[in-house]
Each structure stands twice: as C-alpha cells, then as structure tokens.
1. Those residues that are crowded, with 19+ Cβ neighbours inside 10 Å and assigned to a helix (DSSP H, G or I), I need them from the stretch 364-380; list them, please.
2. Any residue that is at pLDDT below 80, surrounded by 18 or more Cβ atoms within 10 Å (Cβ to Cβ) and part of a helix (DSSP H, G or I) - is there at least one of those in the stretch 41-51?
3. Could you tell me whether the stretch 346-366 includes any residue that is of a type in the set (S, T, N, Q), closer than 24 Å to residue 71 by Cα and free of Cβ contacts under 8 Å to residues at least 60 places away in the same chain?
4. Tell me which helices (runs of 4 or more DSSP H) are completely within the stretch 68-186 and hold 2 or more residues being in contact (Cβ under 8 Å) with a residue 40 or more places away in the chain, open to solvent by 10 Å² or more (accessible area, probe 1.4 Å) and out of contact with any Leu (no Cβ under 8 Å at 6 or more places or on another chain), or say none if there are none.
5. Filter the stretch 218-269 down to residues that are at pLDDT 85 or above and of a type in the set (Ser, Thr, Tyr) and give me whichever is farthest from residue 139 (Cα to Cα).
6. Out of all the residues in the stretch 381-408, which are open to solvent by 10 Å² or more (accessible area, probe 1.4 Å) and outside any helix (DSSP H, G or I)?
7. Could you run through the stretch 389-413 and say how many residues are out of contact with any Gly (no Cβ under 7 Å at 6 or more places or on another chain) and either at pLDDT below 85 or more than 22 Å from residue 158 (Cβ to Cβ) (or both)?
8. Looking at 305, 272, can you tell me which residue is open to solvent by 40 Å² or more (accessible area, probe 1.4 Å), assigned to a helix (DSSP H, G or I) and at pLDDT below 80?
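The values are calculated or read from the model by the stated rules, or taken from the named source; none is laboratory data. Predicted, not measured: the structure shown is a model, and the values here were computed from it. Don't worry about glycine lacking a Cβ; one is built from the backbone with ideal geometry, like all the others, and counts go over all protein chains shown. Just the protein is used for accessible areas: all its heavy atoms, side chains included, with ligands, DNA and RNA removed. Shrake-Rupley method; radii C 1.70, N 1.55, O 1.52, S 1.80 Å.
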Amino acid sequence: MTIDKAEMPGQFVKVSAPNFEPSERWRIMKNILAISCSFMVHFTAFMGAANLQSSINANESLGTFTLSAIYGSLLFSNIFLPALIISWFGCKWTMSISMLAYMPFIASQFYPKFYTMIPAGLLVGLGGGPLWCAKCTYLTVAAEAYSTVSDIAVDVLVTRFFGLFFMFYQMAQVWGNLISSAVLSYGINTIVTNVTLNSSVVAEICGVNFCGVSAENENPNLERPPVERIYLISGIYLACMILACLIIAFAVDSLTRYDRNRARLVKGSSGFKLLAVTLKLLKEKKQLLILPITMFIGAEQAFLFADYNASFVSCAWGISNIGFVMICFGITNAIAALATGAIVKLTGRKPVMIFAFCLHLSIFIYMLQWKPTPEQGIIFFLLSGLWGVCDSIWLVQINALSGLLFPGQEEAAFSNFRLWESTGSVITYVYSPYLCTYMKLYLLIGILCVGMVGYGAIEWLGIQTDRAVSEDKPDFELMNAREINR
C-alpha cells in the first residue's frame, strides 16, 4: 500500500486502495445506530415541548410566535449556515454543537416570556439547518463506504440507512407525548366532561368545516397546567438533550474516516463559495423538479400537527386525545421507515412512491367528506396511522433521492431539502389562521400533484443519479490520525 505524503499540515493522506476490513461494516452500523438514537433522544425533548406550546404558552399566542420564530430562522439557517459550519467543524461536531442550540428553548420554559422564548426559538432554527444537513451527509457518505465492503448498491444502502434513521427519529413522537402525558396526568383526578355538543352539531362545525375557534365556543380544557408539572417536564427534556449531545460526541466516528474527494472540495473552499454552491443548485433542473414534493413534506406535517389536531381531533373528540392520536402517528411512521428500506430493495423506488401518492390522496379525499363525531374514535387513529406511513415514505425517499441526485454536493443538496421543507411548513402555518380546513386540504392536494409530476419527470425522463449510472465502487480515502480525530 502506497501513501502520498501530505504537502501541508493536516492535509489528507491518500491511500492507493480503500482497504477496509470486513469488520468495518459493524463500525459503520454502530455509527448509524448511535446517530439515530441520539436524534431520537434529542427530538423526544424538542417534539414533546413543541407540541405543548399552543396550550401551556397560549397567553398572547406566545407559543405560536415562538414556533414561527423557529421555522423563520430555520429558513435563514438552511440557506447560509450548513455548508459553512460543516466545513469548519466536520459532520460529527456540527451535529453535537447544533444540538446545544436547542437547549435554551427548553430552558426558557422555566421562565416563558417573549424576551426569553423568542430568542431561544430563533437559536433553535439556526442550529436546525446544520444539524439536519450534517446528519444527511453523514448517512449518505457512510452508505457509500459500506458499499465498498459489501455487494449492496449505494442507492439501496442510502435508502436503508435513512429508513433505519427515521424509524428511530419518529419514535421521538411517541416518547415525547408519553412523557408529557404521564407528568401532566399523574395524581390528577380527571373528571370527564363529555357533556358537550351533540354529534350532529359537532359534525357540522368540526372537520373540513372548521374555520377557527369562535368566542362562544371557547374550550374550558385549555387551562395552563400547574407550573411545577411544566418545570418537571422541562427538566426531563433538558436532560434528554444533554444525553443526545454526549452520544454524538463519544459514540460516533468522524466522517473523515470515510471521506473522499467531496470532502477535499468542501475543506478547500471558503464559506462564500460553499454558499454559492448551495444557491447554485437552485438553477439545476433536478433541484427544481424535486422542489415541489419537498415543500409538500413540510406542508403536510404542518397541517397534521396544527390543523388535523385542531379541526378534527380536538374539535370533535376532545383536546385530551391529541397525544394518543399523535402516538399512533409516531408508531406507524417508525415502522414504515424501517420497512421502506427492505421494500425498496425488492420493488425499487417508483412503486413505493406511487403507493404513497395514492394513499395520501385517498386520505385527503376521505377527510373532505368525513363528518367527525366523538363516537368515531377508531377513525381518528386510523387516519393518523395511515398518515404516518405516507410521511415516512416521503421523508425516507426524498431525503435519499436528494443525496443521490447530487453526488459530491451533499451539504448543498440537503441544505436545499431542509430549506424548502421549512418553507412549506412556514407557508402552511402562516395561512392556517385565515382559511377553513377544506381550503387547506385542496391546497395540499394541489401541491402533492405538482410534486409527483416533478418526481415523475426525474424518474421517467431519464434524469439519473451519477451513482446509479456508475458501476464502479466509490474511491474512498483513509485520512491521517489528525483528521480522523477532528
């Protein structure tokens, strides 16, 4: 084995052949599992806290403004920060440091004021862009490295790794809701007051006919929980975030272990050049075609968490059932994320995407004619569960496709993914208070159809990924010890 001498301190040392041992597969899987577990623990805290904002910080819409600040700063973060931060710290330390940016948001729950929570929300958004971009880049490059010591194609491995990751990630929805529900309900004698509107009235004012809460229909259940319960929840969530940060720091290898020429370009470019690469992708035909379906992912998630919960679950069945319905969504999402990788290996990506399109479109059409009543509890769970399956497919497949379409530009590709996903969420949250639910559903159907047309153009008009076309294994380089410890 020959080694090229480095010309400068800290420069890459090239190994003429990527002579990984078979045991390297277990090391790669260890890294993937560690990242997945870390994100699960981290977003158990964030999702749990975010889901409570509209109720525990409802005064002067503080919680809503905080969530808006998060997504607004996330737009800025996705444009300007990921490539730059990753070029400074590398993917591993970018993930660890970015998780620190979420902690003030949890800490601000101990003293929720506009001057504490809004800056904390802005900081979450600034950390979110680099965090997700670094994760996506790590998974994609790790899949390439794994392919060099296995007979599995890179595109299959990318989908499988993303599926495994999102299985863990979506379980955060389950644990976050369980923690908050357990703490808020423990030791409290709940008196069920279901002497509310009769089913016929509920069917008329809820569901697609829901146009916001009127003054005469104020819900008495929206009282702020005891402050000591909120402090306990916040303390648990803060501990979760600290643990997640430590998992990344001590259990994950630096990506430079598997880096190649892509990393050489990243580390040799200035921040402005990296930003230019990110923005330049917006001129690419592939990026423009995948953009609408990416926006749809953000829009459908925002609709589920805000409008489905308010218009259907809370209005027709009661706000106390929202947590349980969201747990069902999290479980099916996690299961589908794991299953997607195996199914794609058998069928390819196109049949899975068509299935998700047909299923999600069917859910929208059913919701347009559904008249929800309290007696239809099973349907609330069924819709959220099927929605979880669709959301999982969109996340796994579009994330994986973003990395495959732009080999060597993963940071910029995933930065654009988070940018347009966040844009879809922000737009949905902005128009949500002003439109009735049926109008929002029609908008989602339109975005979904346009998105599938763009995806279809990528698949059927011959726009292939460089990795899919190439029969060669990726040419990896092992780094010197100084870079590996970075």
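1. 367, 380
2. Yes, the stretch 41-51 has at least one match.
3. no
4. Counting at least 2 such residues, we get 82-100, 114-147, 154-185.
5. Initial filter on the stretch 218-269 (at pLDDT 85 or above): 227-255.
Right, trim to of a type in the set (Ser, Thr, Tyr) and you get 231, 234, 237, 254.
Numbers: 231: 36, 234: 30, 237: 26, 254: 12 Å.
Among those residues, the one meeting the criterion is 231.
6. 407, 408 - these are the residues of the stretch 381-408 that are open to solvent by 10 Å² or more (accessible area, probe 1.4 Å) and outside any helix (DSSP H, G or I).
7. Total meeting the criteria: 12.
8. Result of the check over 305, 272: 272.
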